[in-house]
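Below: one structure, written as structure tokens.
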Amino acid sequence: MTIPPSHDAPASSAGSGRSRLGRPTPAACPRAAGVGLKADHYREILDTRPAIGWFEVHAENFMGAGGAPHRYLTAIREHYPLSLHGVGLSLGSAGPLDRAHAKRLRALVDRYETGLVSEHLAWSRHDGIHFNDLLPVPLTEEALDIVAEHVEETQDILGRRMLIENPSTYVATRDEMSETEFLVALARRTGCGLLVDVNNVYVSSMNHGRDAAAWLDAITADLVGEIHLAGHAVEMVEGEALRIDDHGSRVSPEVFELCGRFLDRVGPVPTLIEWDSDVPPLSVLLEEASKADKLLLRAQAQAAMMGRAHD
């Protein structure tokens, strides 16, 4: 197929109430399964229009002004809602927020009228040095103040609510509160939502000998805006199994089970299949999404039954 015509500059829809794409803005991501959008799959998606609820992209991959990636993304956005997932804001850094980066994120949100926008509870910048990793935030009152200030500033720039994702962790730190206490306090203080990465919950809990189900039980339904599911690797380190959140395989049965239990309690929310290394054919991602959709349909049915019981 031919690369779609370029739309490098977004047209304004001010005063129209509708987007340049001819629909109200933003396009909400449905309470269904989505998959991470990969360049290897652009053409197949446009040729076959698979039955998938939505796609998510890493924001930093599209911060250039134009080119083929934007032309493909514009064409895909004509048919599917999009979510933007950032990795570069470094919300946990002690210094000031990178407002230029946040404004570039805002430009992408406006350009593609994304249904969701999210970032990580992490830091990756210090004294002008950028690290090629998402590093853990200490779970302290001081760190909570810093992250909350940065989240509020980012939401002001975006003009909308953002979601914050729990990270995977591998070493114990001297914390003043639990991760769920930190995240819930952050959400209550700033009005942000939570992106609950169930694979990260499982990986961190197994690495630290904690209860993954109890972690999920501490999150209230009103805070959950999105769920992530992914695969992980297991490596032996000094005779101990270490789980690595590598996004390079199918979602484990244990993670699907945790997700189903969580959805049964909080109700259906947009749920993403992530696969970022050793990316398989699109058909494999769609198979994983189908498994997630079954859990979402079950949760929807249970929510409907609960609603009828309270009528």
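The values are calculated or read from the model by the stated rules, or taken from the named source; none is laboratory data. Bear in mind the structure is a predicted one, so any value in this text is a computation, not a measurement. Note: ideal-geometry Cβ built from the backbone for every residue, glycine included; neighbour counts use all protein chains shown.
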>> Looking only at the stretch 37-50, filter to residues that are in a loop (DSSP other than H, G, I, E, B) and in contact (Cβ under 8 Å) with a residue 60 or more places away in the chain; which one of those is farthest from Ser83 (Cα to Cα)?
In response: Pro50
> From the list Gly34, Gly53, which one is at pLDDT 95 or above, within 20 Å of the chain's Cα centre (by Cα) and either farther than 30 Å from Cys259 by Cα or assigned to a loop (DSSP other than H, G, I, E, B) (or both)?
Replying inline: Gly53
> When you scan the stretch 51-72, how many residues do you find that are within 18 Å of Gly36 (Cβ to Cβ) and out of contact with any Lys or Arg (no Cβ under 6 Å at 6 or more places or on another chain)?
Replying inline: 15
>> I'd like the full set of residues that are more than 22 Å from His247 (Cα to Cα) and either in contact with a helix residue (DSSP H, G or I) (Cβ under 6 Å, 6 or more places away or on another chain) or buried (at least 16 other Cβ atoms within 10 Å of the Cβ) (or both), limited to the stretch 51-68.
In response: Met63
> Which pairs do you get when a residue that is under 21 Å from Ala213 (Cβ atoms), found in the stretch 180-194, comes within reach of a residue that is aromatic (Phe, Trp, Tyr) and assigned to a strand (DSSP E or B), reach meaning Cβ atoms under 6 angstrom, with the pair 6+ apart or on two chains?
Replying inline: none
> Of all residues in the stretch 74-88, which are in contact with a Leu (Cβ under 7 Å, 6 or more places away or on another chain) and assigned to a loop (DSSP other than H, G, I, E, B)?
Replying inline: Glu78, Gly86, Val87
> Could you give every pair whose Cβ atoms fall below 8 Å, whose first residue belongs to the stretch 94-114 and is at negative phi and modelled with pLDDT of 95 or more, and whose second residue is assigned to a helix (DSSP H, G or I) and among the basic types (Lys, Arg), counting only separations of at least 6 or pairs across chains?
Replying inline: Tyr112/Arg77
>> Could you check the stretch 264-278 and list, in sequence order, the residues that are within 20 Å of Leu84 (Cα to Cα) and buried (at least 18 other Cβ atoms within 10 Å of the Cβ)?
In response: Pro268, Val269, Pro270, Thr271, Leu272, Ile273, Glu274, Trp275
> Among helices (runs of 4 or more DSSP H) lying entirely in the stretch 149-238, which contain 3 or more residues that are of a type in the set (Gly, Ala, Ser) and closer than 22 Å to Ser252 by Cα?
Replying inline: 212-217
>> I'd like to check something: does the stretch 118-128 contain any residue that is in contact (Cβ under 8 Å) with a residue 24 or more places away in the chain, part of a strand (DSSP E or B), surrounded by fewer than 16 Cβ atoms within 10 Å (Cβ to Cβ) and not β-branched (Val, Ile, Thr)?
In response: yes
> Which one is surrounded by the most Cβ atoms within 10 Å (Cβ to Cβ) among residues in the stretch 215-263 that are over 19 Å from the mean Cα position of the chain (by Cα) and within 14 Å of Val196 (Cβ to Cβ)?
Replying inline: Arg261
> Within the group Arg210, Arg161, Arg243, which residue is basic (Lys, Arg) and within 23 Å of Gly267 (Cα to Cα)?
Replying inline: Arg161
> What are the residues in the stretch 205-250 that are in contact (Cβ under 8 Å) with a residue 12 or more places away in the chain and of a type in the set (Ser, Thr, Tyr), if any?
Replying inline: Thr220, Ser249
> Among the numbered criteria (1) closer than 23 Å to Gly95 by Cβ; (2) surrounded by fewer than 17 Cβ atoms within 10 Å (Cβ to Cβ); (3) under 20 Å from the mean Cα position of the chain (by Cα); (4) modelled with pLDDT of 95 or more, which single criterion is violated by Glu141?
Replying inline: (3)
